[in-house]
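The values are calculated or read from the model by the stated rules, or taken from the named source; none is laboratory data. Just so you know, these numbers come straight off a predicted model, no measurement behind them. Don't worry about glycine lacking a Cβ; one is built from the backbone with ideal geometry, like all the others, and counts go over all protein chains shown.
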Amino acid sequence: MDMHANKPEPYDRPPVCGEKRAAMSNALPYFRQHQSSISSMDLVAQAMFIDSLVGDRDRFLSQVIITTVGGGRVLDPTSKQMTRVQDQSTDSVSYKAIMNAYRSKNPVAMIAGAGNPLFPVKPEHYFNVLDYFHITDIWCEATMNKSGQLVKHFMVRYEKIDLESRSWWTPKEGAEPDRHDVGEYVCDKHTCSSCGHVSKHIYVQGWTCLEKACHKFMAFDTPIDVNDLEYNENFLRERTLYNGPGPKFPLVPELPSSLPIEEGIKYGVEKEYKGGIVCPQCHFASRRLDWTGWYCEKPGCDFKHTTPMRDVSLSLIKAENHTLLNKKKGKFFLKHPDIQYGSGEISGYEVHNFFLPGVSGNFIGSVFVFKALKKTCQRPGGINDLYSDMQKSLRSGEINLRRNPARNAGHHMEEVTSHFSSNIGAHYKFGVVVKTSCGFDEAPEPALEALARLTWAGKTATKNAWMDAEKRGLDVSKKSMPKGFIDFNEELILGYFEESKISYHDDGEKELGPTVATLSLGSPATMYFRPKKRTTLGKATKSKKGERQPMLGFVLEHGDMVVMHGSDIHKYYEHMVEPEGVLRYAMTCRYIRPEAIPDEDRRRESIEKGKVPAEWKDKYQGEDGIGDEQESGVTENTMPVSA
Ligand SMILES: O=C(O)CCC(=O)C(=O)O
Ligand SMILES: [Fe+2]
């Protein structure tokens, strides 16, 4: 913000400001796009973000803003600057959205970035909502680029709709500059004798036809340098009577309401509760980072907004399951022929096992899906009770989940994960850094209950994978899939609101042990595995990026557990999970090898916090005591070899 150091203080504060683009997009319905400068709905511009890309004829005045229509520039490899090498197309989404907003007189919210050198005052934050504007002019002009090429591109003139109140981005001291009323100045227009097109007298150098197809386009009476064109003062001073529709959205949105939750219509985890808010105290845009509510992200502001959360009932979960299974046409598996498959029943679960091939002809890992039978969910102390305890622990704050930076941490383009998370036990980082909240000795009971179940599933899967492989004569990698099971020392709890998901990733930090086990609670989800790009596995998608089609996919229902056994799974494959419903939890246990943690303090802390209290270690032994004699009993009649 140094470039603004000598600028005056603003007259007022912006209606909305912020430091993160995502916070602005989350909080403002008219600015949903996370990247481009124009936000549109149904191809009509709703908001325009003006930041560092400004041209010589851009203006940032009190009531008028002139910019180029975004897009069409390319990076010049020598100057490292964005430049135009060809005429701007009228096919771009930006052009169409702006043209449609012009034709329908749609109000456009202007948002200015602190990267804009024309900012007339000193902005306090990076993102600043100015006001609603309407488009008064769109015209084509030509400029000479650095290579001496004449290129045509489009300019837009925006005028503030409310000409009465003083613009906040004018200097605090003195009268409002460039303030004019409708009718005070008029910019003259002329009709082209050649094409009949009417153009305003925009440049001080003289009138010219602005119809880009006309042979008199940009032809002036006297020879001029197109790069030296200046605006005719009357073009800047003219004010236009606005008679278009009112804005679709208020500039400052209201806080999400508790009413639909209290009235039993909503649960408080629907997508509208994952959006951002604008702090009514300081106008700062804040993201929903915490499970329990919104906490103003402006340092020093203590505003918080929470809405209640109702328990998501099992009957809703059942209905969601029904919808998803219908969509996936029943019991859904996507299985590539190179994947070896077997199924059976173990101790209250229907079990499906998939052996994943590596790149040298053998199998490098197994994915076990333990599908909980009805009685496994319904019995006292079963899955349904655990689900209900989870909801209680989250409501009370005993478990606190948070969304953490996934990309560009600390930068104004920072993006956080779609899900909320919390870590227990050893340190585990997988791209996203989730601070360890506590050790297992102080962990909340639902987390320990999940750990006990996952430990059993992990042990059962590890053992069965080998027995099954031997029985079927499959060549499996001993190195990737060790025979013994190593007790877990870490648990990651994830919470998904409606429309949250975890995109393709692998779990494989170098500290990661060979077994990863996840328990699903609540809304159903689909899980997919696909080979990584640089492998020779699977089939390519049509996308140019070289991505592969998924080789394995299945539905995860309430109470199901997935065990991935084999470190090379994370080397050759990535997985993603997409819930279909309003509320889902996933508790994942891993073994983090302390000796591989480079930082000594973290290593020591991981050893300490990763210790599981003895009473929880082998607490769960499957259902109905069937698993009591696991050593001999489980595998006999399970895992029949099938297609
Ligand atoms: O939500 C899930 O079931 C899986 C989550 C996951 O892949 C992870 O935590 O790494
Ligand atoms: Fe994962």
Confirm whether residue 71 is in contact with a helix residue (DSSP H, G or I) (Cβ under 6 Å, 6 or more places away or on another chain) and at pLDDT below 95.
-> yes
Residue check, residue 385 more than 16 Å from ligand 1 (Cβ to nearest atom), modelled with pLDDT of 95 or more and not aromatic (Phe, Trp, Tyr) = yes
If we scan segment 155-162, do we find a residue that is at positive phi and either modelled with pLDDT of 95 or more or touching a helix residue (DSSP H, G or I) at 6+ places or on another chain (Cβ under 8 Å) (or both)?
-> no
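Looking at segment 398-411, can you tell me whether even one residue there is of a type in the set (D, E, K, R), closer than 24 Å to residue 609 by Cα, more than 14 Å from ligand 1 (Cβ to nearest atom) and in contact with a strand residue (DSSP E or B) (Cβ under 6 Å, 6 or more places away or on another chain)?
Checked segment 398-411: at least one residue is of a type in the set (D, E, K, R), closer than 24 Å to residue 609 by Cα, more than 14 Å from ligand 1 (Cβ to nearest atom) and in contact with a strand residue (DSSP E or B) (Cβ under 6 Å, 6 or more places away or on another chain).
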Residue by residue through segment 514-534, note down the ones that are more than 12 Å from ligand 2 (Cβ to nearest atom), within 24 Å of residue 478 (Cα to Cα) and of a type in the set (S, T, N, Q).
-> 515
Enumerate the pairs (first residue in segment 395-422 and at positive phi; second residue anywhere and small (Gly, Ala, Ser) and within 16 Å of ligand 2 (Cβ to nearest atom)) with beta-carbon separation below 8 Å, excluding pairs fewer than 6 apart on the same chain, so at least 6 apart or on different chains.
-> none
Could you list, in sequence order, all residues of segment 489-503 that are aromatic (Phe, Trp, Tyr) and more than 10 Å from ligand 1 (Cβ to nearest atom)?
-> 497
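Residue-by-condition table, conditions (1) surrounded by 23 or more Cβ atoms within 10 Å (Cβ to Cβ); (2) free of Cβ contacts under 8 Å to residues at least 40 places away in the same chain:
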site	(1), (2)
461	yes, no
466	no, yes
483	no, yes
493	yes, no
496	yes, no
501	no, no
What number of residues in segment 505-525 are within 10 Å of ligand 1 (Cβ to nearest atom) and of a type in the set (Ser, Thr, Tyr)?
-> 2
Looking across segment 573-589 at residues that are within 14 Å of ligand 2 (Cβ to nearest atom) and in contact with a helix residue (DSSP H, G or I) (Cβ under 6 Å, 6 or more places away or on another chain), the single one that is farthest from residue 525 (Cα to Cα) is 589
Exclusive hit being buried (at least 19 other Cβ atoms within 10 Å of the Cβ), in contact with a strand residue (DSSP E or B) (Cβ under 9 Å, 6 or more places away or on another chain) and closer than 26 Å to residue 29 by Cα, set 154, 127, 217 | 127
Has segment 467-488 got at least one residue that is part of a loop (DSSP other than H, G, I, E, B), touching a Cys at 6+ places or on another chain (Cβ under 9 Å), within 15 Å of ligand 1 (Cβ to nearest atom) and assigned by TED's automatic domain parsing to the domain that holds residue 606?
-> yes
